[in-house]
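Take this structure, written in structure tokens, and hold onto it; I'll ask about it next.
The values are calculated or read from the model by the stated rules, or taken from the named source; none is laboratory data. Since we're looking at a predicted model, the values are computed, not measured. Backbone-built Cβ (ideal geometry, glycine too); neighbour counts: all protein chains shown. Surface accessibility is based on the protein's heavy atoms, side chains included, excluding ligands, DNA and RNA. Shrake-Rupley method; radii C 1.70, N 1.55, O 1.52, S 1.80 Å.
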Amino acid sequence: MRVAESQRRDIDAIGKLTVPSPKGPVRIDNIARLERGLGPSALSRYNRQFSVGLNADLAPGHALDEASNDVRRSIAELNLSPDITFRMTGQTKILDETTQNLIMAIALASVFVYMVLAAQFESFLQPIIIMTVLPLSMPFALFTLWVTGRTLNLWSALGVLLLLGIVKKNSILQVDYTNVLRARGVPLHDAIVEACRTRLRPILMTTAAILAGLVPTALGLGIGGGQRSAIAVTIIGGQSLCLFLTLLLVPVAYVKLDALEQSLLNQRFKWWLGRIVPSLAGRRVLPPEQPVGKL
């Protein structure tokens, strides 16, 4: 319902309109003073607060994250009063949520990978040796994006997540065969050298197969090839650059953590945790100083 058009510009007619109150209808001119003036034709709200919306498009050659940071920097330089706040919406909000979810996914994936490796190797330190290559792959992946002139977007971030699952396979091959040789009575140093020499060919073959299989995707041919190429380029650069450092870092980490692995404190901790969570340990571990016959 609306006031008749002839009465909308009449202050006296508007003042005679009533509004509800606990004691009954009350005329507007009894509680307010009506004056002619200028005002907005519409009031927009965001989360029940008055808001002013600013819309913008990306300029050619600029990434969304770069433009969002520039907007935040420009607003911060205005020195707005404390009662005025700003919030990014639209694609920028989606990008921020995606980044947070991706970081959480990487963190949860690292935890789950550690749990699986700890159950497989029946050790709490050897999964750390295997996962030492994960921090190496991140800088090389970012370096690859910088060299190729790409940005860290959703697709390249997905490539980083896939890269974390690929690079640790080389460490698993080295650590697993080193454990096999040590179980046969081979000394630590000789076992590491022999494991690296024996597993070098499979590591190079699997890495070459992965890189060769990703080359067609990295070329970005076909519909949607530009998005898929970001994933492939990230994996190719990170895998190829951190390969040789992985072959050097894993044996060093194995030697440094072996003393802690064989310590009495670690054995007691494994036995205690095996009693509490037998499924995690795989089997009950006896205390180091207690013989089997007295159990």
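Rolling a 1.4 Å sphere over the protein heavy atoms, what is the accessible area per residue of the stretch 136-214, to the nearest Å²?
That works out to 54 Å² per residue.
Gaussian network model of the chain, Cα springs within a sub-10 Å range: biggest mean-square fluctuation belongs to which of Ile203, Ile172, Ile31?
Maximum among the listed residues: Ile31.
I'd like the orientation of helix 154-183 relative to the chain: the angle between its Cα long axis and the longest Cα principal axis, in ° from 0 to 90, rounded to 10.
With rounding to tens, the tilt is 20 degrees.
Follow-up question, since we're still on this one. So for Thr132, Thr85, Thr92, Thr148, what's the accessible-area order with a 1.4 Å probe, most first?
Heavy-atom accessible area, descending, gives Thr85, Thr148, Thr132, Thr92.
Shifting gears a bit: Of Cys242, Cys196, which has the most accessible area and how do the rest follow, probe 1.4 Å?
Sorted by accessible area, descending: Cys196, Cys242.
Given a 1.4 Å probe and the protein chains all in place, what does the accessible area of Phe50 round to, in Å² to the nearest 10?
Estimated to the nearest 10 Å², Phe50 gives 140 Å².
Sticking with this structure for a sec: Quick one: accessible surface of Asp83, probe radius 1.4 Å, all protein chains present, in square angstrom to the nearest 10.
Counting only protein heavy atoms, the figure is 130 Å².
So what is the calculated 222 nm ellipticity per residue for the chain, using -39500 (n - 2.57) for each DSSP H run with n of 4 or more, over all residues, to the nearest 500 deg cm²/dmol?
Only helices count here, giving -20500 deg cm²/dmol.
Additional query: Take His62, His189 and sort them by solvent-accessible surface of the protein heavy atoms, 1.4 Å probe, largest at the top.
Largest accessible area first, the list is His189, His62.
Still on this structure: Compute the relative contact order of the stretch 1-139 as a whole-number percentage, counting only Cα pairs closer than 8 Å that sit 6 or more residues apart in sequence.
8 percent
Considering only protein heavy atoms and a 1.4 Å probe, what is the carbon-and-sulfur percentage of the accessible area of the chain?
Ligands and nucleic acids excluded, carbon and sulfur reach 63 percent.
How far is helix 225-241 tilted, in degrees, relative to the longest principal axis of the Cα atoms in the chain, given as a value from 0 to 90 rounded to the nearest 10?
Tilt relative to the chain: about 40 degrees.
Once ligands and nucleic acids are excluded and a 1.4 Å probe is used, how much of Ile103 is accessible, expressed in Å² to the nearest 10?
My reading of the accessible area for Ile103 is about 110 Å².
Non-local amide H neighbours of Val26 (under 5 Å, H modeled in plane, Pro and chain starts lacking H): which ones?
Val19, Ser21
Let me ask you something else. Loop only by DSSP, 13 or fewer other Cβ within 10 Å of the Cβ. Give me the GluC sites (Glu not before Pro) in the stretch 1-91 that pass, ordered by residue number.
Those satisfying the criteria are Glu35, Glu77.
Here's something else I'd like to know. Provide the per residue accessible area, probe 1.4 Å, for the stretch 47-132, rounded to a whole number of square angstrom.
It amounts to 75 Å² per residue over the stretch 47-132.
For the stretch 10-84, what is the relative contact order in percent, using Cα pairs closer than 8 Å and at least 6 residues apart in sequence?
Relative contact order of the stretch 10-84: 14 percent.
Now for a separate question. Among (i) 64, 42, 37; (ii) 104, 58, 36; (iii) 85, 50, 35, find the value of Cα extents along the principal axes in Å that was calculated from the structure presented, and write down its label.
(ii)
Angle, helix 134-147 long axis vs. longest principal axis of the chain, Cα atoms, 0 to 90°, nearest 10?
Roughly 60 degrees between the two axes.
Which residue, Val133, Val111, Val52, has the most motion in a Gaussian network model of the chain that connects Cα atoms within less than 10 Å?
Highest fluctuation of the listed residues: Val52.
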